[in-house]
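A.B. asks: One structure follows; several queries about it will come next.
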Amino acid sequence: MKLLEIEGLEVRYGGIRAVKGVDLAVDEGELVCLIGANGAGKSSTLRAIVGLTRAAAGSVRYKGAEIAGRPAFELVREGLVMVPEGRGIFAQLTVAENLVMGAFVRDDAAAIRKDRERIYALFPRLEERHGQTGGTLSGGEQQMLAIGRALMSRPKLLLLDEPSMGLAPLLVAKIFEIVRDIASQGVTILLVEQNAKLALEAASRGYVMESGTITLADDAKKLLADPKVREAYLGESVG
Amino acid sequence: MKGRHPALVWVGAGLVGIALLALPFALAQAGTAWVRITNFAILYVLLALGLNIVVGFAGLLDLGYIAFYALGAYVYALLASPHFGLHLPFWLILPIGALVACLFGVLLGAPTLKLRGDYLAIVTLGFGEIIRIFLNNLSQPVNITNGPQGVSRIDPFRFGGFDFGKSETLFGLAFSGPVKYYYFLLAMMMAVIFVTVRLQDSRIGRAWEAVREDETAARAMGINTTNIKLLAFAMGASFGGLAGGMFAAIQGFISPESFVLVESIMVVSMVVLGGMGNVWGVILGAVLLSFAPEVLRYTVEPVQKSIFGKSLIEPEVIRMLLFGLAMVLIMRFRPAGLLPSAVRKRELAERKG
């Protein structure tokens, strides 16, 4: 079943079209990645899906219903949650407070506490630092916190915007491990990444975006083998 | 501190309660003027608590807050004075005044939702001035506010035969007008403190915290940032309007002069100096800043005389000088305020480390 279906999505900033008619679909339970260079319009696409940026044209259907133009805060209640680029954690609140804030749309205190324990099990590092403020965490820990906080709202579809950005290689691998882990627990994920290799290895399907349009869409394995992808995104010279 | 010694906390609260109840009689010994000063201090506490919702909780700097105080005061004055010949009862006008202020709060909030920090401060500053200038000039072509002359002979609170403007003897104790107002204000203050503390611990309080920290992230958490910010403006404004109505009744006379920019800045100072976001800090800030000038008024002159044998510097000048100096020193040594909120304390610790 299609959980997310996008048709002809356009995003404009003033006169500039950053996203020029994108078609994209994510099935329930899938881990799909959207790769592309800096400025290709990946983040704009994500932001338009969750309503943080207004879509200029096109349709976005989530669970079969049109959601284009609906504000972000409403969609969180329906399980559509995004981890924004640059993490956006609450720097002055503690790790524990950040996690509770993630469960803002829920009011079942006991279950929220249980979920927090689950997050701590997934990220033992966060448990160690539960009393520390978000701003004092390292980049990798902040990314873990951002993902953990998003999970606190019990998402059905999780949108991750560049989770590997600015992290050391070892941590990048760790983050991807966690992303797979979350996907295996039944959360559908749409992953936006510049690190094409790791993203395609983790995902089942992939889309390649270039200056505002989708240029390739295929199984992740096929994309990994595609000479065009290898040359443009994996830094290999073919020939 | 909280909950560790519940019995001790209750005993402490009881003692404070008794002290607050006995306070006006002790003050009356020093002169009724001090009861009046205390009443105005409570009005400032109400204002500071209201502004704290906007500035301390939601993180929206408002430099025109006194406008809501003015609105509440004028609503009361126009509905209970010979100016229009209307004499509605206070328990009806006070809520009306709060409601009018609340409406204006939303009116100010709605167009400024996208603004933050310095920009918001400028817009709110303009708003405060607009209200004051309107009050100053709405005497023509139809005389609504009576312009710079203000509105006088405003009705005191009256409840049946119980008149807050007159002295009375109950249970062998003399209750002067200001003493009666004191108890009313005390009750109001308790109610407002209760509401504020509960708000801070509620979902709404957490939503304000999130908006203050990072608005985009707050939206991504499922918080309706538009409504939550408007709510902060509306609630803060209502408290201001309520205080304004009481001010008009106590004072008996109001004019636009009472609602100048310096007053707004004064209330902001109370919030900042006491400890933004910390209810008890804000109360302390309001009490200190409203009492300090008065205490100095009565002490500067005698102290000068006893040291130099005569008055060297005009008391009024040195009073404000010392007042300013105290503010500078407090902010220098306690930058997060006298009683900082937990989060502000962390903010400053982080900046240092």
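A.B. asks: Considering B:GLY59, B:GLY109, B:GLY105, which residue is at pLDDT 95 or above and either assigned to a helix (DSSP H, G or I) or of a type outside the set (Val, Ile, Thr) (or both)? Spell out the reasoning first.
C.D. replies: Numbers: B:GLY59 fails: at pLDDT 95 or above; B:GLY109 fails: at pLDDT 95 or above.
None of the other options fit; the residue is B:GLY105.
A.B. asks: Turning to a different aspect of this structure: Considering only segment A:62-72, I want to know if a residue exists there that is away from chain B (no Cβ under 14 Å), basic (Lys, Arg) and closer than 23 Å to A:ALA220 by Cβ.
C.D. replies: So far as segment A:62-72 goes, no, none of its residues is away from chain B (no Cβ under 14 Å), basic (Lys, Arg) and closer than 23 Å to A:ALA220 by Cβ.
A.B. asks: Check B:ALA217, B:ALA232 and return the single one that is under 30 Å from A:MET152 (Cα atoms), small (Gly, Ala, Ser), away from every other protein chain (no Cβ under 12 Å) and assigned to a helix (DSSP H, G or I). Break it down stepwise before answering.
C.D. replies: Working: B:ALA217 fails: away from every other protein chain (no Cβ under 12 Å).
That would be B:ALA232, the only listed residue that is under 30 Å from A:MET152 (Cα atoms), small (Gly, Ala, Ser), away from every other protein chain (no Cβ under 12 Å) and assigned to a helix (DSSP H, G or I).
A.B. asks: Within the group A:GLU74, A:GLU28, A:GLU7, A:GLU85, which residue is closer than 21 Å to A:MET144 by Cα and acidic (Asp, Glu)?
C.D. replies: On the way: A:GLU74 fails: closer than 21 Å to A:MET144 by Cα; A:GLU28 fails: closer than 21 Å to A:MET144 by Cα; A:GLU7 fails: closer than 21 Å to A:MET144 by Cα.
The conditions single out A:GLU85.
A.B. asks: Follow-up question, since we're still on this one. Can you pull out the residues in segment A:97-120 that are outside any loop (DSSP other than H, G, I, E, B), within 13 Å of chain B (Cβ to nearest Cβ) and crowded, with 16+ Cβ neighbours inside 10 Å? Reasoning before the result, please.
C.D. replies: Here is the first cut: in segment A:97-120, the ones outside any loop (DSSP other than H, G, I, E, B) are A:97-102, A:109-120.
Retained after the next criterion (residues that are within 13 Å of chain B (Cβ to nearest Cβ)): A:97-102, A:109, A:112.
Those that are outside any loop (DSSP other than H, G, I, E, B), within 13 Å of chain B (Cβ to nearest Cβ) and crowded, with 16+ Cβ neighbours inside 10 Å: A:GLU97, A:ASN98, A:LEU99, A:VAL100, A:MET101, A:GLY102, A:ILE112.
Conditions tested, residue by residue: (1) at pLDDT below 90; (2) over 21 Å from A:SER43 (Cβ atoms); (3) more than 18 Å from the chain's Cα centre (by Cα).
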residue	(1), (2), (3)
A:ARG87	yes, no, no
A:GLU97	no, yes, yes
A:ARG113	no, yes, yes
A:GLU117	no, yes, yes
A:GLU128	no, yes, yes
A:THR136	no, yes, yes
A:MET152	no, yes, no
A:MET165	yes, no, no
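A.B. asks: Answer with yes or no whether B:GLY277 is of a type outside the set (A, V, I, L, M, F, W, C) and more than 14 Å from every other protein chain (Cβ to nearest Cβ).
C.D. replies: Working: of a type outside the set (A, V, I, L, M, F, W, C): yes; more than 14 Å from every other protein chain (Cβ to nearest Cβ): no.
So B:GLY277 fails the test.
A.B. asks: Here's a follow-up. Within segment A:31-39, can one find any residue that is farther than 12 Å from A:THR213 by Cβ, over 18 Å from the mean Cα position of the chain (by Cα) and of a type in the set (A, V, I, L, M)?
C.D. replies: no
A.B. asks: Do you know which residues across segment B:214-267 are among the polar types (S, T, N, Q), buried (at least 19 other Cβ atoms within 10 Å of the Cβ), touching a Gly at 6+ places or on another chain (Cβ under 8 Å) and farther than 27 Å from B:PHE184 by Cα?
C.D. replies: Correct list: empty.
A.B. asks: Still on this model: Among the listed residues B:GLY150, B:GLY222, identify the single one that is on the phi > 0 side of the Ramachandran plot and in contact with a Pro (Cβ under 9 Å, 6 or more places away or on another chain).
C.D. replies: Details: B:GLY222 fails: in contact with a Pro (Cβ under 9 Å, 6 or more places away or on another chain).
Result: B:GLY150 is the single residue among B:GLY150, B:GLY222 that is on the phi > 0 side of the Ramachandran plot and in contact with a Pro (Cβ under 9 Å, 6 or more places away or on another chain).
A.B. asks: Looking only at residues that are touching a Leu at 6+ places or on another chain (Cβ under 8 Å) and either without any contact (Cβ under 8 Å) to a residue 60 or more places away in the chain or at the interface with chain B (Cβ under 9 Å from one of its Cβ atoms) (or both) in segment A:73-96, which one is surrounded by the most Cβ atoms within 10 Å (Cβ to Cβ)? Working first, answer last.
C.D. replies: At the first step, the residues of segment A:73-96 found to be touching a Leu at 6+ places or on another chain (Cβ under 8 Å) are A:79-84, A:87, A:89, A:95.
Of the ones still in play, those that are also either without any contact (Cβ under 8 Å) to a residue 60 or more places away in the chain or at the interface with chain B (Cβ under 9 Å from one of its Cβ atoms) (or both) are A:81-84, A:87, A:89, A:95.
Values: A:VAL81: 28, A:MET82: 26, A:VAL83: 28, A:PRO84: 23, A:ARG87: 24, A:ILE89: 28, A:VAL95: 31.
Checking each candidate, the answer is A:VAL95.
A.B. asks: Of the numbered conditions (1) in contact (Cβ under 8 Å) with a residue 60 or more places away in the chain; (2) surrounded by fewer than 16 Cβ atoms within 10 Å (Cβ to Cβ); (3) basic (Lys, Arg), A:LYS221 fails exactly one; give the number of that condition.
C.D. replies: So A:LYS221 meets the others, but not (1).
The values are calculated or read from the model by the stated rules, or taken from the named source; none is laboratory data. This is a predicted model, so every value here is computed, not measured. When we count neighbours, we look across all protein chains shown, and the Cβ atoms used for this are built from the backbone with ideal geometry, even at glycine.
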